[in-house]
1. Modelled with pLDDT under 80, at negative phi and in contact with a helix residue (DSSP H, G or I) (Cβ under 9 Å, 6 or more places away or on another chain) - does that describe any residue in segment 52-72?
2. Looking at (1) of a type in the set (D, E, K, R); (2) more than 30 Å from G11 (Cα to Cα); (3) surrounded by 10 or more Cβ atoms within 10 Å (Cβ to Cβ), which is the one condition that is false for R104?
3. Please go through segment 47-65 and pick out each residue that is free of Cβ contacts under 8 Å to residues at least 40 places away in the same chain and either β-branched (V, I, T) or closer than 21 Å to G11 by Cα (or both).
4. Of the residues A49, A37, which is of a type in the set (A, V, I, L, M) and either closer than 22 Å to R6 by Cβ or touching a strand residue (DSSP E or B) at 6+ places or on another chain (Cβ under 7 Å) (or both)?
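The values are calculated or read from the model by the stated rules, or taken from the named source; none is laboratory data. Computed from a predicted structure; not experimentally measured. All Cβ positions, glycine included, derive from the backbone under ideal geometry; neighbour counts span all protein chains shown.
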Amino acid sequence: MQVQVRDIVFGLILVLSGFVLVYKLVYDYRRGDPVVALSTILVIGMIAALLLSLSERLSRFEIALKEQERSLHVSMHSVEEEVRDKVGGAMKRLEEVREELLRRGYR
């Protein structure tokens, strides 16, 4: 699947905001707990991976939906041609019967 530029930009913004959040937690509040910093980085990374995974899944779903739509369109076209042929044949046969009745003199 092709990764779009917007997905990359959104992922970078998400990661950068995670680093800013870690920096604020560690240095501004003087907590300095590496477990908090590591867990925050992991949470931000997992959210980014989840969003990218959802984006990829949605694009695969869209492609499958387009393929089904195309298949349905082809099937409808085939049925339309078949019905048109059958109706044409029935009309031709009806016309033949009408002409035969007119030749025999029935009215």
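1. Restricting attention to segment 52-72, the residues satisfying the condition of being modelled with pLDDT under 80 are 52.
Within this subset, residues satisfying the condition of being at negative phi are 52.
Those still in the list that are in contact with a helix residue (DSSP H, G or I) (Cβ under 9 Å, 6 or more places away or on another chain) too: 52.
Checked against the condition, which is being modelled with pLDDT under 80, at negative phi and in contact with a helix residue (DSSP H, G or I) (Cβ under 9 Å, 6 or more places away or on another chain), segment 52-72 yields at least one hit.
2. Going through the list (1) of a type in the set (D, E, K, R); (2) more than 30 Å from G11 (Cα to Cα); (3) surrounded by 10 or more Cβ atoms within 10 Å (Cβ to Cβ), R104 breaks only (3).
3. First, pick out the residues of segment 47-65 that are free of Cβ contacts under 8 Å to residues at least 40 places away in the same chain: 47-50, 53-54, 57-58, 61-65.
Of everything in segment 47-65, those that are free of Cβ contacts under 8 Å to residues at least 40 places away in the same chain and either β-branched (V, I, T) or closer than 21 Å to G11 by Cα (or both) turn out to be I47, A48, A49, L50, S53, L54, R57, L58, I63.
4. Residue meeting the stated conditions: A49.
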